[in-house]
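Here is the structure we will look at.
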Amino acid sequence: MPYPRIEQLILVPGASNVEVAHWGAAVVEYAALFPGARIAHDFAEAANPQYERITIVNPESWPPELSLLIKQNPRPLVVERLTAPTPEVLAEILHVRVYYSLRFGFQSEYDWTQQWPLGMSLIGLHGRADGEMLNPDFDIVRAARVEAVKLTSSATEASVKSLRAINPGVFIMVRPIVSFVENERPRRISPDQFVEWTAPNLQRLFDADPSIQYIEVHNEPNLTIEGLGGSWNNGREFASWFDRVVDLFRQRWPDKKYGFPGLSPGASMQNIRQNMRQFLGEAALSAARADWIAVHGYWISDREMTDVTGGFTWKVLRQLFPDKVLIITEFGNPSQPKPMVAEQYSRYYGILRHIPGLGGAFAYISSTSDRVESARWAWRDETGRDVGIAHEIGLRRHIR
């Protein structure tokens, strides 16, 4: 059966003829299949009354005049706003539509049950920064009634067994860890080296608990201390590194779920960080291919907790990857008094509790031997004293 003809304008962005050509090429397969689809860069085309649908690729990149033009030409019209950080990601989004013969994508609410059968955002905590969790950390887990814990690969089966003793159903995530800095300078670590150095520790944890399934591959790769400028110079180079690591891990453990790592939020800082959105845009195709995507969100005021530049950076990722499970693998407020932070965390967990496709939120961090970092982030001090966060979370004031 031939597809019905629908007059559809697809507006592609681009700052030069070459860029426009790249974006246009991403739409060619889609336009060839569905009759009436036309690719254009001149937004004046939106005034043409023949179009029944207008698809605007990357709506933030267009001038306000486009919206005004559409409003000034009232007619029966459906406007779709499609976000894709690169032409390659756009091509992949549209290829899915071509594959399923769904011209306008899935029109019903997305069914997350196959990807995240747990059905809600878990109350999570990042384990001790130094690796192995200690007895006071388990007291924190117990007091907060934590549902999920993130371990680094330097932890051992002792941490896993103690967590299971507290809560047999606790969700455990693991992040393979290697230092990407030597003598305070970035060093080059190849994908093969990364896998070789982390695989024995990961295998030890998997032997202790085969149900551990979710692996966050690396951490904040847009930071210099995490490999930028040493092992890769931008998001595209990291994407190649990440793809190779995941391929090597899959050869060993094909049943695990590998996550694209959380990025350090914020703008570029020379010799410290590359802009999160820029780095993500360059590495977006690898993120789209990952089993799930990690998000980091931090804030220093109550207002910032629900801002897209603070605790709600997950909204940026959801716009770019509408069909991916997102997990907030680090979040926190390092600046305000602990009682205020505790109340914010309780509300934060409660707000996120039933957001579709959000797997969990892991607060940073249970504890660390670094005194400065401990004062800023830890749920307990180095004497073992609960600073008040775990007790507040355990009360479940804002959490159903």
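Scan segment 212-229 and give yes if some residue there is aromatic (Phe, Trp, Tyr), in contact with a Pro (Cβ under 8 Å, 6 or more places away or on another chain), surrounded by 15 or more Cβ atoms within 10 Å (Cβ to Cβ) and not in a loop (DSSP other than H, G, I, E, B), otherwise no.
No, the conditions are met nowhere in segment 212-229.
Just a yes or no: is a residue in segment 78-95 polar (S, T, N, Q) and either surrounded by 18 or more Cβ atoms within 10 Å (Cβ to Cβ) or in a helix (DSSP H, G or I) (or both)?
Yes, some residue in segment 78-95 is polar (S, T, N, Q) and either surrounded by 18 or more Cβ atoms within 10 Å (Cβ to Cβ) or in a helix (DSSP H, G or I) (or both).
Scan segment 128-153 residue by residue and report those that are in contact with a Leu (Cβ under 6 Å, 6 or more places away or on another chain) and either small (Gly, Ala, Ser) or part of a strand (DSSP E or B) (or both).
Listed by number, the residues that qualify are Ala148, Val149, Ser153.
Let me spell it out: the conditions are (1) among the basic types (Lys, Arg); (2) assigned by TED's automatic domain parsing to the domain that holds Leu205; (3) part of a loop (DSSP other than H, G, I, E, B), and Arg75 meets all of them except one. Which number is the exception?
(2)
Of all residues being within 23 Å of Glu382 (Cβ to Cβ) and outside any helix (DSSP H, G or I) in segment 154-194, which is nearest to the chain's Cα centre (by Cα)? Just the residue, please.
That would be Arg175.
Note down all Cβ pairs under 6 Å where the first residue falls in segment 343-357 and is at positive phi, the second is of a type in the set (Phe, Trp, Tyr), and they're at least six residues apart or on different chains.
Between residues of segment 343-357 that are at positive phi and residues that are of a type in the set (Phe, Trp, Tyr), the close pairs are Gly357/Trp112.
How many residues does segment 1-39 contain that are more than 16 Å from Arg81 (Cβ to Cβ) and either free of Cβ contacts under 8 Å to residues at least 40 places away in the same chain or part of a strand (DSSP E or B) (or both)?
Adding up the residues that qualify gives 21.
From the residues in segment 319-341 that are surrounded by fewer than 22 Cβ atoms within 10 Å (Cβ to Cβ) and assigned to a helix (DSSP H, G or I), which one is farthest from the chain's Cα centre (by Cα)?
Among residues in segment 319-341 that are surrounded by fewer than 22 Cβ atoms within 10 Å (Cβ to Cβ) and assigned to a helix (DSSP H, G or I), the one farthest from the chain's Cα centre (by Cα) is Pro339.
The values are calculated or read from the model by the stated rules, or taken from the named source; none is laboratory data. Please read these numbers as outputs of a predicted model, since none were measured by experiment. Positions of Cβ are backbone-derived with ideal geometry, glycine not excepted, and every protein chain shown enters the neighbour counts.
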